[in-house]
Each structure stands twice: as structure tokens, then as C-alpha cells.
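The structure under discussion appears below in the form of C-alpha cells.
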Amino acid sequence: MAVAYVYGAESRDISAPYSIWKVVASLLFIIAFIPLTLWLVKKFQLAQMKLSQSQIKVVSVQSLGTKEKLMLVDVEGERMLLGVTSQSINHLKSFSSNARTFATMMDEAGSPEASSPTEEKKL
């Protein structure tokens, strides 16, 4: 009985550092596993979004404030400009698929040839 007690005491002394390293290794594994899992979930979500064949695509988003924004959305070949707030979504304008780009329209509107001198005299 005395031998078993001594043997048990020796095994506790040997296994104590082993159990500490086992706990430390498990903790390091968990700490490394969480960010790796989050990264994989994000990658799979991006891959799923790329593979989905949705008919609605967000072309551009412009923030106007903390809760307001303009969204240019493409739905079945038609582009729509939407005003989005935290309370509502409003349709502002529709563009056909073969319409000129917004930048082209702005360039034409701002060019000196677009406004005629007779119109300026009337003002």
C-alpha cells in the first residue's frame, strides 16, 4: 500500500506539468480557431454572393448622412435611383439600360455649348 501511494505521488508530479501544457495548448488552439473560423465564414459568404444569380444588383451607394443614402440599383436591365432612409425607401428616377451615364449628362449640362446665349438673355 505504501508503494502504491509513493507511485501515485510520483505520477502526479510528472503529470502536473503535462496537464498545464495540455491546457495551454488547448487554449492556444481555441484562440487560433476562432479567427480562422470567422475568416472562412466570410470567404464562403463572398463566394456564395458571387455565385448567386440575383436579378437585383447594387451598382453604387452614396451616403448623404448618418442614415440617408442614394442607391443606384440594376433590376432586369433597368437602373433605378433610390433614396434610402431608416424609415423609408423612395424611388427617385429610372434609367433605361441604353441611357447615357450620369457623368456624361452632367458634363453636357455643364458645358458652355449646352446653354445658348438667347436663354441667358431671357433670364
Looking only at the stretch 43-62, decide whether some residue is part of a strand (DSSP E or B), charged (D, E, K, R) and modelled with pLDDT of 90 or more. no
Taking the stretch 63-79 as the region of interest, how many residues are outside any loop (DSSP other than H, G, I, E, B), open to solvent by less than 50 Å² (accessible area, probe 1.4 Å) and not charged (D, E, K, R)? 4
Report, ordered by the first and then the second residue, all pairs with beta carbons closer than 8 Å, sequence separation of six or more or different chains, a first member in the stretch 63-81 that is farther than 15 Å from H91 by Cβ, and a second member that is of a type in the set (K, R) and surrounded by 12 or more Cβ atoms within 10 Å (Cβ to Cβ). S63/K69
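The values are calculated or read from the model by the stated rules, or taken from the named source; none is laboratory data. Every value quoted in this text rests on a predicted model; they were computed, and no experiment measured them. Glycine also receives a Cβ, built like all others from the backbone with ideal geometry; neighbour counts cover every protein chain displayed. Accessible surface is based on the protein model in full, side chains and every heavy atom, while ligands, DNA and RNA are left aside. Shrake-Rupley method; radii C 1.70, N 1.55, O 1.52, S 1.80 Å.
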